[in-house]
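See below for the structure under consideration.
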Amino acid sequence: MRARFFVSIVLLAALTTGFRIFPGEARWTTSVADPVVWLRFCERPEFDRNNLPSGDPLHGQTLTFNSLSQSVRDDYSNVQTSFIELRDTGTDAGFDPSRDRVIDVCFSGSLFLAAGFATRKTDGKTVTGCEIKLSDKLKSSAMGFVATLTHEIGHCMGLDHTQDLSYAIMSYFREPGLVRLQTDDKMGLTYMYPSDPEYGREAMTFGLSCN
């Protein structure tokens, strides 16, 4: 009986950890040759204090909205096994509102208990747009802003919540102080938008074998 219980726990852990993606696997119409997704901010507030954890690239620095949002974009754009590149419509050249892929990011005072949420627009297998709402309360917390924006962009890119505690910003149960993309998040991004097609073809083995 104990052996059966132990096996069940192991299988449950294998099934609930690791990155998760939304059913249907809808993606942006990006490619290695055309990797850009744009962020369009409705507001660019200044932050009251820098409470980013020690070890963060911006810890202890004087912050601006642009430097914070740039650091989040860089985290996504610098995943070497994924081709995704995030740009800002307000600071980067080349934005064409008639054709480009856009994630709209606005602040709101009416999110109840949520720090933020994302709403994707899809057409079959294609993501056609995404809207992120962030709580006004995040204007007083650089750490909260970075963590929430990173998490909600993940939803816009197609990543769902995972149960992992240490290796995923997409987890509801992540450890305190975890504010940026982690290993599982980067694996999910690579699966959805691989810079090499082979990167997205790995089969799940539940830790029982290795290809």
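Let me make sure I get this right: for region 71-120, a, b and c are the square roots of the gyration tensor eigenvalues over alpha carbons, sorted descending. Under 1.5 in a/c it's rounded, otherwise prolate if a/b > b/c, else oblate. Which is it?
Because a/c hits 1.5 or more and a/b fails to exceed b/c, region 71-120 counts as oblate.
Accessible area per residue for region 38-98 in Å², computed with a 1.4 Å probe and the full protein assembly in place, what is it?
That works out to 53 Å² per residue.
Can you list residues whose amide H is under 5 Å from VAL127's amide H, if they're 5+ apart or on another chain and H is modeled 1.01 Å from N?
Placed amide hydrogens put ARG27, TRP28, THR29 under 5 Å from VAL127.
Under the classification rounded if a/c is under 1.5, otherwise prolate if a/b is larger than b/c and oblate if not, where does region 115-189 fall, given a ≥ b ≥ c as square roots of the Cα gyration tensor eigenvalues?
Oblate shape, in that a/c is at least 1.5 and b/c is the bigger or equal ratio.
Please report, in debye to the nearest 20, how large the charge dipole of region 102-187 is about its Cα centre when each Lys and Arg carries +1 at its beta carbon and each Asp and Glu carries -1 there.
Using only the charged Cβ atoms, the result is roughly 140 debye.
In Å, what Kirkwood hydrodynamic radius results for region 33-115 from the alpha-carbon pair distances?
14.6
Please work out how much length the chain gains when fully extended from ARG44 to PHE22, using 0.36 nm per residue of separation minus the C-alpha to C-alpha distance, in nm with one decimal.
Contour length minus Cα-Cα distance gives 4.9 nm.
Search the structure for amide H atoms under 5 Å from the amide H of LEU52, placed 1.01 Å from N in the peptide plane, and list their residues when 5 or more places away or on another chain.
HN-HN under 5 Å from LEU52: GLY60, MET143.
Once you have a ≥ b ≥ c as the square roots of the Cα gyration tensor eigenvalues for region 130-170, tell me rounded if a/c is under 1.5, and otherwise prolate or oblate according to whether a/b is larger than b/c.
oblate
Compare the peptides 71-77, 50-56 by average per-residue count of other Cβ atoms within 10 angstrom and give them in order, highest first.
71-77, 50-56
For region 110-170, what does the accessible surface come to per residue with a 1.4 Å probe? Please give it in Å².
41
Gain in length, HIS59 to LYS125, computed as 0.36 nm per residue apart minus the alpha-carbon separation, to one decimal in nm?
Extra length from HIS59 to LYS125 when fully extended: 19.8 nm.
The values are calculated or read from the model by the stated rules, or taken from the named source; none is laboratory data. The model shown is predicted, which means the values in this text are computed figures rather than measured ones. As a convention, Cβ positions derive from the backbone with ideal geometry for all residues, glycine included, and neighbour counts pool all protein chains shown. When the accessible area is computed, the model is the full protein with side chains, heavy atoms only, and any ligands, DNA or RNA have been set aside. Shrake-Rupley method; radii C 1.70, N 1.55, O 1.52, S 1.80 Å.
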